[in-house]
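Each reported figure results from applying straightforward, stated rules to the coordinates on display, with no laboratory input. If you're wondering where the values come from, they're calculated on a predicted model, not measured in any experiment. For neighbour counting, all protein chains shown are included, and Cβ atoms are generated from backbone atoms with ideal geometry for every residue, glycine included.
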Ligand SMILES: [Zn+2]
C-alpha cells in the first residue's frame with residue numbers, strides 16, 4: 001500500500017545542485033550550498049526533503065518532552081534507542097522529521113543521535129542553567145553596590161538595613177539596644 005499511490009514514480013535519487021540550479025524550484029543556487037534559499041530543498045536528499053521549519057521543530061521538541069515526561073523518561077529512552085537508528089527522536093518519527101548528517105545528507109546514525117540528544121543537550125542545557133543560576137545569584141548578592149541604602153533584595157523585602165557599629169563602645173550599644181529601652185533621645189553620636 002505505502003508508496004503505490006504516488007504516480008509518476010517519485011525520484012529517490014539525491015537532488016544535486018551541481019549545475020548551479022535547484023531542480024525543484026529552478027532557482028539559481030551555489031553548487032556547494034546545502035539548502036536551496038528558494039524552496040529549502042536539501043542537496044543530496046530525495047526531491048521534496050526540505051529543511052524543517054522552526055514551528056514544526058519547536059512542536060517536535062515539546063512533543064518529545066511530553067513523551068519523555070509521560071513515560072517517566074524510561075519509555076521515551078527505550079523508544080529512542082530504536083528511532084535513533086534512523087536519525088529520529090520518537091516525536092520526529094510521529095511528525096515525519098529526521099536528522100541528517102550535514103556532510104553526507106544521510107540520516108544521522110545511532111551514535112551521532114545519542115551524542116546529539118543526550119550528551120550535548122545535557123551538557124549545553126546544564127551549562128546554560130548553571131550559568132544563569134550563577135548570574136542570578138551574583139546579581140542579587142551585589143545589588144548593595146549600587147543601591148543607595150546598601151540594600152540587598154532581602155533588605156528591600158524585609159525593610160531592613162545593615163549598619164556598622166564597630167566604632168561604638170560596647171556599653172553604649174548595650175544600653176542603646178536593650179530590649180526594655182524606651183525611645184532613645186535623638187542626639188549626636190557618643191564615641
Ligand atoms: Zn529550490
Worksheet item: In the range 48-84, which residues are in a loop (DSSP other than H, G, I, E, B) and out of contact with any strand residue (DSSP E or B) (no Cβ under 7 Å at 6 or more places or on another chain)?
Response: 48, 52, 53, 71, 72, 73
Discussion item. Anything in the range 14-47 that is part of a loop (DSSP other than H, G, I, E, B) and under 29 Å from the mean Cα position of the chain (by Cα)? List them, or say none.
Written reply: 33, 34, 36, 37, 38, 39, 40, 43, 45
Item to complete: With the checklist (1) assigned to a helix (DSSP H, G or I); (2) touching a helix residue (DSSP H, G or I) at 6+ places or on another chain (Cβ under 8 Å) in hand, flag the one item residue 118 doesn't pass.
Response: (2)
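Being within 21 Å of the chain's Cα centre (by Cα) and buried (at least 17 other Cβ atoms within 10 Å of the Cβ) narrows it down to one residue among 91, 66; which is it?
91
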